[in-house]
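The values are calculated or read from the model by the stated rules, or taken from the named source; none is laboratory data. As the structure is a prediction and not an experimental result, all values here were calculated from the model. A quick note on method: Cβ atoms are made from the backbone with ideal geometry, for glycine too, and the neighbour counts reach across all protein chains shown. Areas reflect the complete protein model, heavy atoms only, side chains present, ligands, DNA and RNA absent. Shrake-Rupley method; radii C 1.70, N 1.55, O 1.52, S 1.80 Å.
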Amino acid sequence: MLSSRMEKLHPYVPGEQPRDREYIKLNANENPYPPCDAAVKAALDWAKSSPQSLALYPDPDSLSLRKKIAAMLNSTGGVLSRALISEGKISPCECDDFGFEITPEMIYAGNGSDEVLSFLFYAFFDSNEKLISPEFSYSFYPVYCGFHSIQMEKIPLLQNWEIDIDEMISRAKKFHAPTILANPNAPTSLCLSRAQVRRMLEECPSDRAFVVDEAYVDFGGESCLPLLRDFENLIIVRTFSKSLCAAGMRLGYLAANPKMVNAVLTVKNSVNHFPLDSFAQIFGSAVCENVPYYIECAKKIVASREDFSDFLRERGFFVLPSSTNFLFAKKDGRSGRAMYAALKKEGILVRRFDTAGIEEFLRITVGTKEQMAVLKRAFEKLEF
């Protein structure tokens, strides 16, 4: 009864979503802080004041939201943890200044970055051709490759866990292939510099898409948004789920040349003409209008990340330098599986992977200051 395509699918496995008890949940890279009150109020007030609108279809193009996203990126430089606030005015750190303006025509908004990625895979990656990607990266990429019958060419990381830029370029040239990478990378938490990504764009085929997934960049990476001015094949995927405290709302977007955006719109309109509901569009717009709150949240997470990273290193852990809202760490002589299980018994969920090569690592989402204090006490109690 099942199609041959269905039988070949290997679904994505998310971090554990517990239902049997309350946990301190540090396993899914969610933001530990709630969205700002103003965004929640804006969405609720809209629903209460115009309930008939819920009976009508939403704006299929999410134009108002796209305008707000573009304005947010222009004001912050695309990296919240470095954005500056002075006398109520937001400005980008000098190193993040675009030097040009991102327009709404350069933005596509969809149901979380996973849906955005799915449309990208369909629009720009051909079936039965190669797609270049790091060996250890976001585990949804190979799932989509299987779904769309794309051959993923996984490039092993260097011994220091960094992306092998030279080999990525070499394989892209060899197969005249498109490229996708997460930057900062997940689960390793490391970030390529903008100059390194520029070099890849300059040397990889310019007529094949080059996708940079920036889900975590707001926590200290170097955004590639400034490179959009120079490279028409560059597509940058971002999300509201991490730095914008809205994983439950399913909001994602991309920034790219308008031609690339129009290609994604064609795919969207062939699958679901109304992907973003009206409530999400109102909520997302209000989020973008209240950026100072999210800047402060990002800065708090970075501070907690660095504090807990120091704590782990003092206890003999190997910790990769993180540009994300999580840490990737292991300890010689300690089983990743055993540490995960022991923390779960203490009421704390972290993430580990059975994938060979990273099975001893724990991926620890950075929580609130209070949650990280509880985690520290658990590490001390368990003598990790």
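Working carefully through the options Cys245, Cys288, find the one that is under 30 Å from Glu380 (Cα atoms) and in contact (Cβ under 8 Å) with a residue 12 or more places away in the chain.
Values: Cys288 fails: under 30 Å from Glu380 (Cα atoms).
After applying the criteria, what remains is Cys245.
For region 27-64, name all the residues that are under 30 Å from Leu349 (Cα atoms) and in contact with an Asp or Glu (Cβ under 7 Å, 6 or more places away or on another chain).
Scanning region 27-64 gives a single hit, Asn27.
Between Arg305, Arg377, Arg337, which is of a type in the set (D, E, K, R), touching a strand residue (DSSP E or B) at 6+ places or on another chain (Cβ under 8 Å) and part of a helix (DSSP H, G or I)? It would help to see each step written out before you state the result.
Numbers: Arg377 fails: touching a strand residue (DSSP E or B) at 6+ places or on another chain (Cβ under 8 Å); Arg337 fails: touching a strand residue (DSSP E or B) at 6+ places or on another chain (Cβ under 8 Å).
Within the list Arg305, Arg377, Arg337, the selection yields Arg305.
Just a yes or no: is a residue in region 223-244 among the acidic types (Asp, Glu) and farther than 30 Å from Pro51 by Cα? Don't jump to the end; show me each part of the working.
Of all residues in region 223-244, those among the acidic types (Asp, Glu) come to 230, 232.
With farther than 30 Å from Pro51 by Cα added as a condition, the list becomes 230, 232.
Yes, the conditions are met somewhere in region 223-244.
Consider Cys93 against the criteria (1) surrounded by 13 or more Cβ atoms within 10 Å (Cβ to Cβ); (2) under 27 Å from Ala280 (Cβ atoms): it satisfies all of them except one. Which criterion is unmet?
Result: Cys93 fails condition (2) only.
Which of the residues spanning region 179-234 are among the acidic types (Asp, Glu), in a loop (DSSP other than H, G, I, E, B) and touching a residue at least 40 places away in the same chain (Cβ under 8 Å)?
Filtering region 179-234 down to residues among the acidic types (Asp, Glu) leaves 202-203, 207, 213-214, 218, 222, 230, 232.
If we keep only those that are in a loop (DSSP other than H, G, I, E, B) too, we end up with 207, 214, 222, 230, 232.
Within region 179-234, Glu214, Glu222 meet the criteria.
Taking into account only those residues within region 89-141 that are of a type in the set (S, T, N, Q) and assigned to a helix (DSSP H, G or I), which is nearest to the chain's Cα centre (by Cα)?
Ranking the candidates gives Ser113 first.
Anything in region 340-361 that is under 21 Å from Arg305 (Cβ atoms) and part of a helix (DSSP H, G or I)? List them, or say none.
Result: Tyr340, Leu343.
Taking the stated definitions as given, is Ala303 open to solvent by 10 Å² or more (accessible area, probe 1.4 Å), small (Gly, Ala, Ser), closer than 30 Å to Glu380 by Cα and at pLDDT 95 or above?
On the way: open to solvent by 10 Å² or more (accessible area, probe 1.4 Å): yes; small (Gly, Ala, Ser): yes; closer than 30 Å to Glu380 by Cα: yes; at pLDDT 95 or above: yes.
So Ala303 fits the description; yes.
Filter region 109-133 for residues that are over 16 Å from Pro275 (Cα atoms) and of a type in the set (A, V, I, L, M) and give the result.
Across region 109-133, the qualifying residues are Ala123, Leu131, Ile132.
Does Ile163 count as hydrophobic (A, V, I, L, M, F, W, C), closer than 26 Å to Phe361 by Cβ and either part of a loop (DSSP other than H, G, I, E, B) or at pLDDT below 95 (or both)? Before you say what the answer is, go through the steps one by one.
Numbers: hydrophobic (A, V, I, L, M, F, W, C): yes; closer than 26 Å to Phe361 by Cβ: yes; either part of a loop (DSSP other than H, G, I, E, B) or at pLDDT below 95 (or both): yes.
The answer is yes for Ile163.
Across region 342-384, which residue is nearest to Ser189 (Cα to Cα) among those that are open to solvent by 10 Å² or more (accessible area, probe 1.4 Å) and hydroxyl-bearing (Ser, Thr, Tyr)?
Thr355
Among the residues of region 120-168, write down those that are among the hydroxyl-bearing types (Ser, Thr, Tyr) and either crowded, with 17+ Cβ neighbours inside 10 Å or in contact with a helix residue (DSSP H, G or I) (Cβ under 8 Å, 6 or more places away or on another chain) (or both).
Let us first name the residues in region 120-168 that are among the hydroxyl-bearing types (Ser, Thr, Tyr), namely 122, 127, 133, 137-139, 141, 144, 149.
Tyr122, Ser133, Ser137, Tyr138, Tyr141, Tyr144, Ser149, listed by residue number.
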